[in-house]
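The values are calculated or read from the model by the stated rules, or taken from the named source; none is laboratory data. Model, not experiment: these values are computed from the prediction. With ideal geometry, Cβ positions are generated from the backbone for all residues, glycine too; neighbour counts draw on all protein chains shown. All accessible areas refer to the heavy atoms of the entire protein, side chains included, with ligands and DNA or RNA removed. Shrake-Rupley method; radii C 1.70, N 1.55, O 1.52, S 1.80 Å.
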Amino acid sequence: MKYLELYNKWLSDKRLNAEAKAELESIKDDKNTEYGIEYRFGAELEFGTAGMRGIIGYGTNMMNVYTVKRATQGLAEFVKTLGADAMKRGVVISYDTRLKSEVFAAAAAEVLAANDITAYVFDEVHPVPMLSFAVRCLKTVAGIMITASHNPKQYNGYKVYGADGAQMSPEDTDVVVDFIKKIDDYLGAPSPTAEQRKKFIKAVSSKVDKKYYKELTKLTLSKKAVKECGKDLKLVYTPVHGSGYIPVTTILKKIGINATVVEEQTKRDTDFSTVEVPNPEFKETLSLGIKYAERIGATVVFGTDPDSDRLGVAVKNKDGEFEALSGNQVGILLLDYILTRLTEDGKLPANAAVVKSFVTTGMAKALCDKYKVTLFEVPVGFKFIGEKIKIWEKTHEYTYVFGFEESCGYLRGTHARDKDAVVASMLTAEMVCYYTSIGKTVFQRLQEIYSELGYVLDCNISIPFKGLNAMKEMNAVVDGLKETPATSFGLYKVATVRDYSKNVKTDVATGTTSEIEKDFPKVNCVYYELENGSFVCVRPSGTEPKLKIYFSVKSRNKQEAEGQLEQLQSAAKAMLGK
C-alpha cells in the first residue's frame, strides 16, 4: 500500500497548500475509484518525448503545481549543465486558456528564477507556434508550453522545447527525465527570493509578436486573389475558447481577409462549455461556426484548438451541406495549393521537399510526384519534421516547403518548428480567395484531386485504455502484433510489415528483411503495407491512453473505398480482439 503512505505523507506535509489539502482530504475514502488515491499516488505522471499530460488534480500522477515544479527543476538542472551563458539566455514560457495554465506557467518561472535562470513569460495566452517562434527569436535554450492541446477540459500538460524551437529531442529529454527522477521531494522545489524574481523573471516583449506576424505575411501566396476577394469573403472562424483568437484574426486582418468570428467561442472559458471536446477536427466542435456559416452563406468554416497548433476545417459539399474534412484532406488541399501557387509563380525550388508522418495519407506522394517534389516520412511527432528543417538549414540539400500530420497539424515556413494553426488558418483563408477568384470552391478542388490522382480514404480509430498501467498495456498489445504478424486483413493481403521499433521491414511473401530507412528513429509501431497500395498501422498514442489504428484505403471512388474500409476495420478489430 505504498500509494497510501505517499498520500498520507503529502496530506501531513505543512508545505502542502490549502487547496491541495482540501482536495486530498475530500478523497480519503476513495481508494480505488477512477481518480482516487491509488490513481493519484500509485504512479508518477510520465514525462515523455512530448512532455507530460494528465488530469488536473493533486497527486504524483496528476497535473498540479508540484508536478510542474518538479519537472521544471529537472529542466533547470539540465540548463545548468550547459553553462552560465545558457542560464543567461534562459527559457521562454507560454500557456493556453486551460484551467490552471497561467498558474502552472508562473510556477515554472519561479523555479527557474530560483535557479538563477532567466525566465521570459508571456503576459497573456499565446499559442504553441508563437512560443516556438519566441524561442528562436529570443535565442533562449529552451521553451515551456503549458497546454493539453485538444484534450478534454479536465486535462492540462507541459511541453518542453529545445533551442531550435522544436519540441525537445529524445536525447535531451532523456537527460531531463534523469534529473526529474532524482527528485523525490515533490513539495521541495526552491522558491525565488524577491531579488531573484526581479532579476530573472522577465516579460516577453510585444516586439516578438510583431516579428512573428511579419514572418507570416512573407508566406502569402495569392496577394492578387486576396485583394480581389478578401474583403467580401464569406468564411467563418472559431478559436473554440482558445489562444488562437487574437493571432488568427490579427494575421487575417493584416493580409486583408475578412472573417466572421463565432463570438460565443472567443471568450476564455476553461470549461469549453460550448463544445463537448475542444478538438476542431470533429464536426460537432465546429457546429456553432457552421450555423453562422449557413446564416451568412459562407462555404468554409475553420477552427483552432486551445493551444492553436491544430486546424479543423468544414466545407460545403456538392449537396450544399457542410462536411468536416479530415486532417489528411486539409493537408492534401494545402499541399496542392502551395505547390500549385509556387509553380505558377515560378518560385518552386528545384530541391523542394515536403515532410509528413508515416501514418499520414498516401495521397501526399502522388501530389509530390506530380510536382517533382521530394517527400520524406518521419515518425509521429512534429519534432521530427522540425529536425528535418534543422538538418537542411545546415546542409542546404533540400528546401523545406511544407510539413503536415494527419492529426490536423501543418507548417509552412521555418519561423516555427511545431504545428502552426495560425499560418494554416491564413493559408486556408487565402486558398478560399484563390479558388473563389477562379470560380471554384475548395470542395470542388478536392474532388478534382481525387479524379486526377485516384481516391484515397484515410481515417483512424482509437481504443481507450484506463488505469495506472494503460501505457504499458497498450505497448504490450503492439509488441504482441510483432510476435504473430498478420498476413491479411480480410480479403486484402499484406505485402510488407514494417516494425518501426527495430527499423526493419519484412516481405511477407519471401520473408526477407531490410532496413526501413537509414538512421530512422525507433518507435513502437507496426505498419502493414497491403498489396493494393493501402495500409493499416497500429501505434500507442504518445499523449493519451489510447491505442490508435490508422487506415489508408486506395480505391477507384468513395463508395468502393468505404466498403473496403469497413472490411479492414472489422479485420483489424478481430486481430486485436476488440
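Gly439 is checked against (1) free of Cβ contacts under 8 Å to residues at least 40 places away in the same chain; (2) part of a helix (DSSP H, G or I) and fails just one. What number does that condition carry?
In the conditions (1) free of Cβ contacts under 8 Å to residues at least 40 places away in the same chain; (2) part of a helix (DSSP H, G or I), Gly439 misses (2) alone.
For the range 272-298, which positions are open to solvent by 10 Å² or more (accessible area, probe 1.4 Å) and not in a loop (DSSP other than H, G, I, E, B)?
Answer for the range 272-298, where residues must be open to solvent by 10 Å² or more (accessible area, probe 1.4 Å) and not in a loop (DSSP other than H, G, I, E, B): Lys283, Glu284, Ser287, Leu288, Ile290, Lys291, Tyr292, Glu294, Arg295, Ile296.
Which residues, taken from the range 304-343, are farther than 17 Å from Tyr450 by Cβ, in a loop (DSSP other than H, G, I, E, B), in contact (Cβ under 8 Å) with a residue 40 or more places away in the chain and open to solvent by 10 Å² or more (accessible area, probe 1.4 Å)?
The one that is farther than 17 Å from Tyr450 by Cβ, in a loop (DSSP other than H, G, I, E, B), in contact (Cβ under 8 Å) with a residue 40 or more places away in the chain and open to solvent by 10 Å² or more (accessible area, probe 1.4 Å): Arg310.
Mind listing just one residue for me: the one in the range 496-534 that is of a type in the set (A, V, I, L, M, F, W, C) and more than 18 Å from Ile549 (Cβ to Cβ) and, of those, most open to solvent (accessible area, probe 1.4 Å)?
If we filter the range 496-534 for residues that are of a type in the set (A, V, I, L, M, F, W, C), which is where we start, we get 497, 504, 508-509, 516, 520, 523, 525-526, 530.
Imposing the further condition that a residue be more than 18 Å from Ile549 (Cβ to Cβ) reduces the set to 504, 508-509, 516, 520.
On the way: Val504: 48, Val508: 53, Ala509: 95, Ile516: 34, Phe520: 18 Å².
Filtering first and then ranking leaves Ala509.
Kindly provide the set of residues from the range 190-219 that are of a type in the set (S, T, N, Q) and in contact with a Lys or Arg (Cβ under 8 Å, 6 or more places away or on another chain), ordered by number.
Within the range 190-219, just Thr217 meets the criteria.
Out of Gly51, Gly36, report the one residue that is touching a residue at least 60 places away in the same chain (Cβ under 8 Å) and of a type outside the set (D, E, K, R).
Details: Gly36 fails: touching a residue at least 60 places away in the same chain (Cβ under 8 Å).
Exactly one residue qualifies, and that residue is Gly51.
Please count how many residues of the range 480-495 are surrounded by fewer than 14 Cβ atoms within 10 Å (Cβ to Cβ), among the β-branched types (Val, Ile, Thr) and more than 14 Å from Leu576 (Cβ to Cβ).
Of the residues in the range 480-495, 1 are surrounded by fewer than 14 Cβ atoms within 10 Å (Cβ to Cβ), among the β-branched types (Val, Ile, Thr) and more than 14 Å from Leu576 (Cβ to Cβ).
Could you check the range 106-135 and list, in sequence order, the residues that are of a type in the set (Gly, Ala, Ser) and part of a helix (DSSP H, G or I)? Reasoning before the result, please.
Step one: of the range 106-135, the residues of a type in the set (Gly, Ala, Ser) are 106-109, 113-114, 119, 132, 134.
Across the range 106-135, the qualifying residues are Ala106, Ala107, Ala108, Ala109, Ala113, Ala114, Ser132, Ala134.
Which condition number does Gly490 fail, the rest of (1) in contact (Cβ under 8 Å) with a residue 40 or more places away in the chain; (2) within 22 Å of Lys546 (Cα to Cα) being met?
Every condition holds for Gly490 apart from (2).
Kindly evaluate Asp305 against the criterion of being over 22 Å from Glu387 (Cα atoms), touching a Ser or Thr at 6+ places or on another chain (Cβ under 7 Å) and among the acidic types (Asp, Glu).
yes
Which one is modelled with the lowest pLDDT among residues in the range 433-470 that are within 30 Å of Lys522 (Cα to Cα) and open to solvent by 60 Å² or more (accessible area, probe 1.4 Å)?
Start the filter on the range 433-470 by keeping residues that are within 30 Å of Lys522 (Cα to Cα), which leaves 456-470.
Still in the list and also open to solvent by 60 Å² or more (accessible area, probe 1.4 Å): 464, 466, 468-469.
Details: Pro464: 90, Lys466: 84, Leu468: 77, Asn469: 82.
Checked the range 433-470; the qualifying residue modelled with the lowest pLDDT is Leu468.
Just to check your reading of the model, which residue among Val301, Val355 is at pLDDT 95 or above, touching a strand residue (DSSP E or B) at 6+ places or on another chain (Cβ under 9 Å), over 26 Å from Tyr500 (Cα atoms) and surrounded by 21 or more Cβ atoms within 10 Å (Cβ to Cβ)?
On the way: Val355 fails: over 26 Å from Tyr500 (Cα atoms).
After ruling out the rest, the residue left standing is Val301.
So Thr118 passes all but one of these: (1) of a type in the set (Ser, Thr, Tyr); (2) more than 29 Å from the chain's Cα centre (by Cα); (3) open to solvent by less than 70 Å² (accessible area, probe 1.4 Å). Which condition number does it fail?
(2)
Restricted to the range 255-271, and to residues that are without any contact (Cβ under 8 Å) to a residue 60 or more places away in the chain and not in a loop (DSSP other than H, G, I, E, B), which residue is surrounded by the fewest Cβ atoms within 10 Å (Cβ to Cβ)?
First, the residues of the range 255-271 that are without any contact (Cβ under 8 Å) to a residue 60 or more places away in the chain: 256, 258, 260-267.
Next, only the ones that are not in a loop (DSSP other than H, G, I, E, B) stay: 260-261, 263-265.
Working: Thr260: 18, Val261: 17, Glu263: 10, Glu264: 13, Gln265: 25.
Once the filter is applied, the top-ranked residue is Glu263.
Tally up the residues in the range 180-216 that are among the small types (Gly, Ala, Ser), open to solvent by 50 Å² or more (accessible area, probe 1.4 Å) and not in a helix (DSSP H, G or I), please. Talk me through it step by step, then tell me what you get.
From the range 180-216, those among the small types (Gly, Ala, Ser) are 188-189, 191, 194, 203, 205-206; that's our starting set.
Restricting the remaining residues to those that are open to solvent by 50 Å² or more (accessible area, probe 1.4 Å) gives 191, 194, 203, 205-206.
Narrowing further to those that are not in a helix (DSSP H, G or I): 191, 203, 205.
The number of residues fulfilling the criteria is 3.
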